[in-house]
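Q: Structure incoming, see below.
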Amino acid sequence: MNQSTSGSSITSGVRTQQVKKTDKSPGTRIQPQLTMSSGLRVFRAGVALVLMCNFYTSTEDSLPELSPQQYFSSLQPGKASLAYFCQDGSLSNSLFLEELKEAIRPLQDYGISVAKVTCVKEEASRYCGEEESLMKAYLFRGSILLREFPTDILFDVNAIIAHVLFALLFNEVKYITTLEDLHSIENSLKGKSNMIFSYVEAIGTPEHRAVMEAAFVYGTSYQFALTTEIALLEDVGSENIEHAHLYFFHCKVVSDVTEHCRRTLMGPPLAAVEVHKFVKTMEAPLLTEVAEDPQLVSTIHLQLGLPLVFIISQRATHEADRRTAEWVAWQLLGKAGVLLLMRDSADVNIPQHANVAFRRAEKDAPVEFQVLNDVELIISHVKNNLYFEEIQEDEGEDMEGPDLAVEDDEVAGTVYRDRKRPLPLGLLVELTEETFNTTVMASDTLVLFYATWHAVSMAFLQSYTDVAVKLKGRSTILLTRINCADWSDVCTKQNVTAFPMVKLYKEGESPVSYAGMLGSKDLLTFIQLNKISSPVNIASIQEAEKYLRGELYKDLFSFSSVSVLGLFTPAMTSAKECFQKAGKQLRGSVLTGVYSEDDAWILSNKYATTLPALLLARPKEGRIESVPLDTTPVQDMVQILANAPLEAFPEITVENLPTYLRFQRPLLILFSDGSINPQYRNIVLALVRQKQLDLFTPCWLNLKNTPVGRGVLKAYFGRLPTLPQLLLVNLHSGGQVYAFPSSQPLTEQSLVLWLKNSQAGLENPIILSAQEWSPPLPAFDFLSMMDVPTSRAPTKKVLECQKEAEVQERAGQQPGDKSTTRREPVEVLRIKHWNRSNRPKESREPFHHDKEL
């Protein structure tokens, strides 16, 4: 379906076969009998669309023309109409008429008739009045005016359909602008019904039309909520905020008011047909048990073009397998159907070692049995294959590109997959050699130095544009980009030594390089904290107290968990200069302030420290720490400031792990399947305050937020241990891993004793299983290739001599003489074996999937 041009709707291909006559009382809907490939039944509203305009065009068969008397006499109680009268003889607004004609058929599918009314002198109507009132469309229900639309917002077929349905479905679709509104609707639905929440960039877009068409069909079954506010989308958890999104909120199964409704994001672009498919998968059973041949199984997922995943089970492990299958089903909801296949059935022939099977949606597609020991591999297998199918459908078979099935560079593979995804580059000013200097000197400017041939650069460009979308109209800093592949001289002059690189240029100051993670969150923090100088000068004790409470810069409070205040007397110029240098080095990463008045001693006495000193305020936690400086050099001060935002007992993620690894201390890490027990947190924080854990980096890992932790635990234990599990990992000194005994209760005393015993060698470390870290494919075994003897290509004469020598050698070799058998290097044999394995399938023997895996 092409919404932007054809004017089709979710009922495209739907034709009214028979209309039952019903009572035409107010609010009554006509219920037609409809046919559609998906079997969808649509309830159509009796709505008439009639336009008042100051133009006249030739009569079209599909657009009936009425006089004012004919139009008003045709109005019926409870029926809606949109009236727009045309002045007799006027020739304007012909573009609108073209769009209206495109909208006739989809509007008829919803029971909405379209007409125009020609104003004549003989018939007077207040809608045929003054010039400025002639360019509006008026929506009525019966003779009651519901709403009026300027025709400039009905700019195309999508806008016409979206606005008409939006006005008629004001009870079915709640438009929300605040997070409180969203939470209020969510709480009211818990235990009762589910919700479909969508974000669109603007009202009247094709995505808005798709949502309204879905609400027309499913509005009586689900509560719909719509927003155009980016902030709401950020709270829901989406990272790519420049595109329309649709979420399904599973609130009906939630009984606890304090618990959030589980949310499922629709993956494909927001279009009416995709919404229909998505809702159908939400209505399907989460998990189905089957005991028949997987080739004969039929579900709604196959009908919608989605694959099936079979988790193979048996009676002995049925309960555990069912829990695993349910977890997989939630992860693949909307992307694939998940079934529990019983191996014990006599009707099923399953390879002995297989534990999972896949079946694509194509007709007669074979069932693929595999052995996968990690549920994350099941998820990635489905998502990758689903994505490949979308790429093939979109681009055809003649497109050339890297073989993503064997792509060893994940970043390059991701960039290739997303190469057709549009980016809002219009929000970024593109710089050249001629415009660079004038732009960065004219205003505060953020510059992204990148290269189009560099995969990481192109991946980061997505995050950079996300930030541009968030800051649109809200920042004084100009976001720009320059392609160093085209303007290498500019990048060389700006000392760009790696890609991507981001620098902030401010008048009268040296450029500041961004050194954070290559993601939108950290980059946005860098930009926001650079709104003020670093360090900012504090003028009074009262201002200093407001700064420490987080009240002085409230708009920056959410971007920095800690505020650092340097305390100095006017005579401490050297220490103050060191602090200012450290603050400038960390500009954009930590909020710093300086107070250097004669009464600075008042603050030092209040917070029990000596001057010079640093005050580390954490307003969210309501505590302030003091750090005396004495003769601390600049680099040590930089380290103190850099560590200030770090938590005492942080949750480890893939993004922040490098930050904590640079301390080169053993990790005391608690693995948990969800949020950790508050008792464990209190124990660790108490030991931190007592300085008992200064030699370690205490942290915890949520397996739900960071699933890679499951693989780490399996590498340590050979299986997933009972959770929570506390480990001591010496990454930087020997690599030993110690596990806290599961038979002991975790207390302050037992934890300290266990740590001392581990350091003294009295605890037995975990012995990691011998694992061969081989290349993912033989073609990537570069070390073996390097060991293979190489030489120039032999000439024809050399080949003839070699052949003659081999004949003589075989003639002189006695049968059974193993000592003279010619042996080839192992590496050569391996490469020959790899070449043989790559021969066409017809020349090889058949193999079984489980054997191959």
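The values are calculated or read from the model by the stated rules, or taken from the named source; none is laboratory data. Fair warning: this is a prediction, and the values are worked out from it, not measured in the lab. Glycine gets a Cβ as well: all are built from the backbone with ideal geometry, and neighbour counts include every protein chain shown.
Q: Considering every residue within region 284-296, establish whether at least one is hydroxyl-bearing (S, T, Y) and buried (at least 20 other Cβ atoms within 10 Å of the Cβ).
A: First, the residues of region 284-296 that are hydroxyl-bearing (S, T, Y): 288.
Checking the rest, the ones that are also buried (at least 20 other Cβ atoms within 10 Å of the Cβ) come to none.
There is no residue in region 284-296 that is hydroxyl-bearing (S, T, Y) and buried (at least 20 other Cβ atoms within 10 Å of the Cβ).
Q: Pick out the one residue from L746, L713, L728 that is assigned by TED's automatic domain parsing to the domain that holds V688, assigned to a loop (DSSP other than H, G, I, E, B) and either over 16 Å from L762 (Cα atoms) or touching a strand residue (DSSP E or B) at 6+ places or on another chain (Cβ under 6 Å) (or both). First the steps, then the outcome.
A: Working: L713 fails: assigned to a loop (DSSP other than H, G, I, E, B); L728 fails: assigned to a loop (DSSP other than H, G, I, E, B).
Just one listed residue meets the conditions, L746.
Q: If you go through region 347-363, how many residues are in a loop (DSSP other than H, G, I, E, B) and among the β-branched types (V, I, T)?
A: Qualifying residue count, region 347-363: 2.
Q: If we only count helices (runs of 4 or more DSSP H) wholly inside region 190-300, which ones have 1 or more residues that are of a type in the set (F, W, Y)?
A: Details: elements: 206-218, 230-236, 272-283.
Because the criterion is at least 1 residues that are of a type in the set (F, W, Y), the helices (runs of 4 or more DSSP H) in region 190-300 that meet it are 206-218, 272-283.
Q: Give me a count of the residues in region 134-147 that are modelled with pLDDT of 75 or more and either exposed (fewer than 15 other Cβ atoms within 10 Å of the Cβ) or not in a strand (DSSP E or B) (or both).
A: The total comes to 4.
Q: Sticking with this one: Which one of these does R481 not meet: (1) farther than 19 Å from R587 by Cβ; (2) touching a Phe, Trp or Tyr at 6+ places or on another chain (Cβ under 9 Å); (3) in a helix (DSSP H, G or I)?
A: (3)
Q: Which of the residues belonging to region 638-659 are out of contact with any helix residue (DSSP H, G or I) (no Cβ under 6 Å at 6 or more places or on another chain) and farther than 20 Å from L685 by Cβ?
A: Filtering region 638-659 down to residues out of contact with any helix residue (DSSP H, G or I) (no Cβ under 6 Å at 6 or more places or on another chain) leaves 639-640, 642-647, 650-659.
Scanning region 638-659 gives Q639, I640, A642, V654, E655, L657, P658.
Q: For region 364-372, indicate whether the set of residues that are under 30 Å from F249 (Cα atoms) and either touching a Ser or Thr at 6+ places or on another chain (Cβ under 8 Å) or not in a strand (DSSP E or B) (or both) is non-empty. It would help to see each step written out before you state the result.
A: Applying the first criterion (under 30 Å from F249 (Cα atoms)) to region 364-372 yields none.
No - not one qualifying residue is present in region 364-372.
Q: For I160, indicate whether it is under 22 Å from the mean Cα position of the chain (by Cα), surrounded by 16 or more Cβ atoms within 10 Å (Cβ to Cβ) and either assigned to a strand (DSSP E or B) or in the same structural domain as A103 (by TED's automatic domain parsing) (or both).
A: Values: under 22 Å from the mean Cα position of the chain (by Cα): no; surrounded by 16 or more Cβ atoms within 10 Å (Cβ to Cβ): yes; either assigned to a strand (DSSP E or B) or in the same structural domain as A103 (by TED's automatic domain parsing) (or both): yes.
So I160 fails the test.
Q: Going by the conditions given, is T264 more than 30 Å from T465 (Cα to Cα) and of a type in the set (S, T, Y)? I'd like the intermediate steps shown before the answer.
A: On the way: more than 30 Å from T465 (Cα to Cα): no; of a type in the set (S, T, Y): yes.
Criteria not met by T264.
Q: Which one of these does T317 not meet: (1) hydroxyl-bearing (S, T, Y); (2) assigned to a helix (DSSP H, G or I); (3) touching a residue at least 40 places away in the same chain (Cβ under 8 Å)?
A: Among (1) hydroxyl-bearing (S, T, Y); (2) assigned to a helix (DSSP H, G or I); (3) touching a residue at least 40 places away in the same chain (Cβ under 8 Å), T317 violates only (3).
Q: Within region 680-692, is even one residue without any contact (Cβ under 8 Å) to a residue 24 or more places away in the chain, assigned to a helix (DSSP H, G or I) and within 25 Å of the chain's Cα centre (by Cα)?
A: No, that holds for no residue.
Q: Suppose the filter is assigned by TED's automatic domain parsing to the domain that holds M342 and either within 27 Å of S675 (Cβ to Cβ) or not β-branched (V, I, T) (or both); does E259 pass it? Break it down into steps so the answer makes sense when it comes.
A: Working: assigned by TED's automatic domain parsing to the domain that holds M342: no; either within 27 Å of S675 (Cβ to Cβ) or not β-branched (V, I, T) (or both): yes.
When the stated conditions are applied, E259 does not pass them.
Q: Taking V590 and the conditions (1) farther than 30 Å from L523 by Cα; (2) out of contact with any Phe, Trp or Tyr (no Cβ under 8 Å at 6 or more places or on another chain); (3) touching a residue at least 12 places away in the same chain (Cβ under 8 Å); (4) not basic (K, R), which numbered condition does it fall short on, given that it satisfies the others?
A: (1)
Q: Filter region 109-126 down to residues that are surrounded by 19 or more Cβ atoms within 10 Å (Cβ to Cβ) and not in a strand (DSSP E or B) and give me whichever is modelled with the lowest pLDDT. Before the answer, list the steps.
A: Let us first name the residues in region 109-126 that are surrounded by 19 or more Cβ atoms within 10 Å (Cβ to Cβ), namely 109-112, 114-119.
Of the ones still in play, those that are also not in a strand (DSSP E or B) are 109-111.
Numbers: D109: 79, Y110: 80, G111: 74.
Ranking the qualifying residues of region 109-126, first place goes to G111.
Q: Okay, moving on. Restricting attention to region 564-587, and to residues there that are outside any strand (DSSP E or B) and touching a strand residue (DSSP E or B) at 6+ places or on another chain (Cβ under 6 Å), which single residue is surrounded by the most Cβ atoms within 10 Å (Cβ to Cβ)? Spell out the reasoning first.
A: Residues of region 564-587 outside any strand (DSSP E or B): 568-587.
Subset that is touching a strand residue (DSSP E or B) at 6+ places or on another chain (Cβ under 6 Å): 579, 583, 587.
On the way: F579: 28, G583: 23, R587: 19.
For region 564-587, the residue satisfying everything is F579.
Q: If F460 passes every condition in (1) surrounded by fewer than 19 Cβ atoms within 10 Å (Cβ to Cβ); (2) in a helix (DSSP H, G or I); (3) not acidic (D, E) but one, which one does it miss?
A: (1)
Q: Do we find a residue being in contact with a Phe, Trp or Tyr (Cβ under 9 Å, 6 or more places away or on another chain), in a loop (DSSP other than H, G, I, E, B) and surrounded by fewer than 17 Cβ atoms within 10 Å (Cβ to Cβ) anywhere in region 615-628? Working first, answer last.
A: Filtering region 615-628 down to residues in contact with a Phe, Trp or Tyr (Cβ under 9 Å, 6 or more places away or on another chain) leaves 615, 617, 619-620, 624-626.
From the residues that got through so far, the ones that are in a loop (DSSP other than H, G, I, E, B) too are 619-620.
Filter once more, keeping what is surrounded by fewer than 17 Cβ atoms within 10 Å (Cβ to Cβ): 620.
Yes; the residues of region 615-628 include at least one that is in contact with a Phe, Trp or Tyr (Cβ under 9 Å, 6 or more places away or on another chain), in a loop (DSSP other than H, G, I, E, B) and surrounded by fewer than 17 Cβ atoms within 10 Å (Cβ to Cβ).
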